[in-house]
1. Please label the shape of segment 60-163 as rounded, prolate or oblate, based on the square roots a ≥ b ≥ c of the eigenvalues of the alpha-carbon gyration tensor (a/c under 1.5 means rounded; beyond that, a/b larger than b/c means prolate, else oblate).
2. Read phi for every residue in segment 65-81 and hand back ³J(HN,Hα) as whole Hz from Karplus 6.51 cos²θ - 1.76 cosθ + 1.60, θ = phi - 60°, with x for Gly and Pro.
3. So how do Thr142, Thr78 line up by other beta-carbon neighbours within 10 Å, fewest first?
4. For the residue pair Glu109 and Gln62, what label-to-label distance in nm results when each label sits 7 Å from Cα along the Cα-to-beta-carbon direction?
5. If amide H atoms are built 1.01 Å from N in the plane of the peptide, which residues on other chains or at least 5 residues away come under 5 Å of the amide H of Ser163?
Amino acid sequence: MQTVSKESRKKQILYRTLKSGAPILLSLLIMACSHTPKSLPSHQPYLDAQRQIQSLTTDQYQILPDQSIYIGELKSETATGYGKIIMPDGSHYQGAVKNGRPHGFGRSEMSSGEIYEGEHKNGIFEGRGRLILSDGSTFIGTFKDHKVDRGEIFFPDGTHGVSR
């Protein structure tokens, strides 16, 4: 059995937390609370990185009218900028947001298992994008009013078709 030092374990937790997109401040708190003055010199690069991350973290939290949670930039107390929206059904979106709705490029992961990466306009799929269905089929093309418009669909068995 391999023994892992306490410091090494904390680094692993921080790395996994940051990689998973979990709140950075929680990771920083875990790391900061576990250091003793004696251990600071050997962890100085990590502490410097933590300070840099903290200085860049400007995310705000807001509950939207549909009870979704928004984590990201606010402009004039409105969910506008880059952020993440977590819907009550577990679906989530990450990307450009305007007035609390996906607007611009972003990624939507629906609770049904479907994933959309592409352009959004006022909360709907609009413009170029890629939709991966829960069965593994992938549509690449344009969307209008939240619906497939033109493009190609690729099926898991290797066949494909064209939407006109």
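Read the figures in this text as sums done on the coordinates, not as results from a lab. Since we're looking at a predicted model, the values are computed, not measured. All Cβ positions, glycine included, derive from the backbone under ideal geometry; neighbour counts span all protein chains shown.
1. Numbers: a/c = 3.12, a/b = 2.00, b/c = 1.56.
Prolate, since a/c reaches 1.5 and a/b exceeds b/c.
2. x, 8, 6, 6, 9, 10, 10, x, 6, 10, 10, 6, 6, 10, 5, 9, x
3. Ascending Cβ contact count within 10 Å gives the list Thr78, Thr142.
4. It works out to 2.4 nm between the two label points.
5. Gly151, Glu152, Ile153
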